[in-house]
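This report refers to the structure that appears directly beneath it.
The values are calculated or read from the model by the stated rules, or taken from the named source; none is laboratory data. This is a predicted model, so every value here is computed, not measured. FYI the Cβ positions are ideal-geometry reconstructions off the backbone, even for glycines, and counts take in every protein chain you see.
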Amino acid sequence: MNNLIWYYPKTKSECIKYFNDGFRPHGGGTFLVKTSLNIKGLFNLSDIDEFKILSNDGNHFNIGSAITFSDAGSWLNLVSPDNYLSKALLNAASTPLRNRITIGGSLCSLPKWSDIAAPLLCANAIIQTAESDKEISLEEYFYDRKIRKNTLVSSIKIPVSNLNGTYYRFTLTGFDYQIFSVAVSESNSILRCAVNGNKNGPSLFTGTSTEILNETEQKLIFSPERGFSSEYIKNRALTEIKKLVKIAGA
Ligand SMILES: Cc1cc2nc3c(=O)[nH]c(=O)nc-3n(C[C@H](O)[C@H](O)[C@H](O)COP(=O)(O)OP(=O)(O)OC[C@H]3O[C@@H](n4cnc5c(N)ncnc54)[C@H](O)[C@@H]3O)c2cc1C
């Protein structure tokens, strides 16, 4: 392993400089620790106010990229009780891991088992970049690996009105990587249904319940996993989508 260089910047502009010089941001380190670490070095994000923001301006919730799943989930649950994103954040992995995994690290590494990909897509969340304060839609960010690699995320912005909905994660035991997850929300009789774990990555479907059920049936493809065939996983996902769409009630 390389002798890694670590930096502990105190301002956002220092972070941007390290990022542009080829150093990688360190969130919770739970993904980095499993990689070859064939990188120039790391910089810590947890001392930067803009990356630790938790705020509500009435229209949007803003959550800093260095905020952990535990802190984001608990705070959101206070400001918007029973929302589906808190449920996803607070049921991912285990307590010690949730105390480390950050929003930014999770979005950038985008593991197939990410618990936040489907709910954030469903909530129409927006990525705020550190460098230019530019906003990127989550769909664009997820689908373009180059953007993910080359963007230092400072926070995410979630429309307050989009957090009413439901979330389901399919696992064998509580503490297990999910095989797939589904989030469904409804606004003005239009449903949004996001699915993660399928072969095409996090996918969003919108429309009436009939349109969503038809489209998910046509487009979702799963790989066999942990003893389950791809057909079983797909049937299971379609059954859960049907239930959640019914609960959302459009
Ligand atoms: C045993 C285990 C079980 C797990 N189970 C689950 C689970 O059930 N559900 C779930 O959702 N997750 C789970 N995870 C977490 C998941 O696999 C990733 O490890 C995690 O999402 C990475 O987040 P992090 O903050 O630790 O990122 P890090 O490891 O710190 O970083 C990951 C990548 O993101 C980059 N990065 C970090 N912050 C930023 C930023 N602000 N802007 C741009 N790039 C950034 C880093 O440079 C690096 O390339 C589990 C992890 C482990 C080890």
*Go through the residues of region 63-83 one by one and say whether even a single one is within 8 Å of the ligand (Cβ to nearest atom) and of a type in the set (S, T, N, Q).*
yes
*Per-region count, region 14-36, residues closer than 18 Å to residue 131 by Cβ and surrounded by fewer than 17 Cβ atoms within 10 Å (Cβ to Cβ)*: 5
*State whether one or more residues within region 224-235 are in contact (Cβ under 8 Å) with a residue 12 or more places away in the chain and part of a helix (DSSP H, G or I).*
yes
*Which ranges mark the helices (runs of 4 or more DSSP H) fully within region 1-96 that have 2 or more residues being free of Cβ contacts under 8 Å to residues at least 40 places away in the same chain, more than 21 Å from the chain's Cα centre (by Cα) and not assigned by TED's automatic domain parsing to the domain that holds residue 114?*
12-20
*Are any residues in region 133-154 touching a Cys at 6+ places or on another chain (Cβ under 7 Å) and without any contact (Cβ under 8 Å) to a residue 60 or more places away in the chain, and if so, which ones?*
148
_When you scan region 37-55, do you find a residue that is surrounded by fewer than 20 Cβ atoms within 10 Å (Cβ to Cβ), near the ligand (Cβ under 9 Å from one of its atoms) and under 19 Å from residue 141 (Cα atoms), even just one?_
no
*Hey, could you check region 163-213 for residues that are of a type in the set (D, E, K, R) and surrounded by fewer than 23 Cβ atoms within 10 Å (Cβ to Cβ) and say which is nearest to residue 77 (Cα to Cα)?*
186
*Within region 142-173, count every residue that is over 15 Å from the mean Cα position of the chain (by Cα), within 14 Å of the ligand (Cβ to nearest atom) and either within 18 Å of residue 119 (Cβ to Cβ) or polar (S, T, N, Q) (or both).*
5
